[in-house]
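First up is the structure itself, then whatever we jot down about it.
The values are calculated or read from the model by the stated rules, or taken from the named source; none is laboratory data. In this text the structure is predicted, and so the values were computed from the model without any measurement. Because the Cβ atoms are built from the backbone with ideal geometry, glycine has one as well, and the counts that use them run over all protein chains shown. Each accessible area value is taken on the protein alone, full model and side chains, heavy atoms only, with ligands, DNA and RNA left out. Shrake-Rupley method; radii C 1.70, N 1.55, O 1.52, S 1.80 Å.
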Amino acid sequence: MENAANETHKVQSGDSFASLSRRYYGSERHVEHLLKANPQIKDPARLSIGTMVTIPPEPQGGIAAAPVT
């Protein structure tokens, strides 16, 4: 398996960790993954325009689907 490299994203107006998770991973479930990759951001609720955010490869495994009943 190939190791994917981190990407970077320059924060624009309206960006949040939830919106970046949706954009790069397709859902908001990886917000915590983004937060861990960006310890330099002290207040994740207040992303400043122009801040560079590290976007690591999507974690393997994801969230298990609910059982079918």
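If you put +1 on each Lys and Arg Cβ and -1 on each Asp and Glu Cβ, how big is the dipole of region 1-59 around its Cα centre, in Debye rounded to 20? Intermediate results must be reported in sequence, preceding the final value.
Working: 7 positive and 7 negative charges, 39 e Å.
Using only the charged Cβ atoms, the result is roughly 180 debye.
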If ligands, DNA and RNA are left out, what is the accessible area of L35 with a 1.4 Å probe, given in Å² to the nearest 10? 50 Å²
Rank I49, I41 by accessible area, highest first, at a 1.4 Å probe radius? I49, I41
Suppose the chain between T8 and L35 were pulled fully straight at 0.36 nm per residue; how much longer would it get relative to their current alpha carbon spacing? 8.4 nm
